[in-house]
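A quick write-up on the structure given underneath.
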Amino acid sequence: MMLALAADHGGFALKEEVKAWLDEQQIPYKDFGTHDGASCDYADMAAPACDAVISGDCDKALLFCGTGIGISMAANKIKGIRAACCSDYFSAKYTRLHNDANVLCMGGRVIGPGAAIELIDVFLHTEFEGGRHARRVGKIMAIENEA
Ligand code: RB5
């Protein structure tokens with residue numbers, strides 16, 4: 001499994017904490033920035049990480065901004081991306097089971113590293129249930145393809 005990581009300045013510190021955990025877990029990742037705390041725009045950071053998921057270079061992406069919301073909005077504009085902004089364990093688990101989310105977004109001003117790691121762990125280790133949920137996800141993708 002190869003992950004794509006990206007953050008704006010609001011999510012930078014949390015991204016760095018998450019990288020330390022991924023290193024411990026020996027989970028490989030590509031870091032698409034930002035690489036310091038200077039102000040930048042979350043849409044610019046989301047795009048290359050999501051493109052890496054769409055191209056198949058990476059399997060999933062973890063994105064961070066202040067709230068997790070702006071970067072999730074940007075990510076969801078990219079065809080094929082299903083990004084979920086989560087701050088609770090149940091949502092991070094069920095967005096894999098039911099929505100087949102391929103991007104998890106978190107807010108560096110919302111949750112701390114302990115909670116983020118719990119969310120990431122369950123997100124990475126939960127498989128899509130398929131079945132009736134595949135039909136529903138298919139309808140999301142149909143909306144995207146009609147647009
Ligand atoms: C940046 O100040 C902040 O607006 C951004 O990180 C994010 O929270 C937007 O949704």
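The values are calculated or read from the model by the stated rules, or taken from the named source; none is laboratory data. Here the structure is a predicted model, which means the values were calculated and not measured. Backbone-built Cβ (ideal geometry, glycine too); neighbour counts: all protein chains shown. Side chains are part of the model used for accessible areas, which takes the heavy atoms of the whole protein and leaves out ligands, DNA and RNA. Shrake-Rupley method; radii C 1.70, N 1.55, O 1.52, S 1.80 Å.
Annotation for region 38-147: chymotrypsin sites (Phe, Trp or Tyr not before Pro) lying in DSSP loop with at most 16 further Cβ atoms inside 10 Å of their Cβ are PHE128.
Around the Cα centre of the chain, unit charges on the Cβ atoms of Lys, Arg, Asp and Glu (plus for the first two, minus for the last two) sum to a dipole of about 640 debye.
For region 41-76, backbone nitrogen atoms closer than 14 Å to the point 7 Å from ILE143 Cα along Cα-to-C-beta are found at 73, 76. Residues considered: ASP51, ASP23, ASP121. Largest GNM mean-square fluctuation over the chain, using C-alpha springs under 10 Å, is found at ASP23. Here the relative contact order of region 59-112, from alpha carbon pairs under 8 Å that lie six or more residues apart, stands at 50 percent. Test of understanding: in a Gaussian network model of the chain with alpha carbons linked when under 10 Å, which of ALA46, ALA92, ALA20 would top the mean-square fluctuation ranking? Maximum among the listed residues: ALA20. Adding -39500 (n - 2.57) for every DSSP H run of four residues or longer, then dividing by how many residues the chain holds, sets the calculated 222 nm ellipticity at -15000 deg cm²/dmol. Solvent-accessible surface of region 36-147, taken per residue with a 1.4 Å probe and all protein chains present: 49 Å². Normalised by 2.2 N^0.38 Å, where N is the number of residues, the C-alpha radius of gyration of region 1-95 stands at 0.99. Looking at the chain, what % of its DSSP beta bridges pair antiparallel, to the nearest 5? Restricted to the chain, the bridges split so that about 0 percent are antiparallel. Here the relative contact order of the chain, from alpha carbon pairs under 8 Å that lie six or more residues apart, stands at 24 percent.
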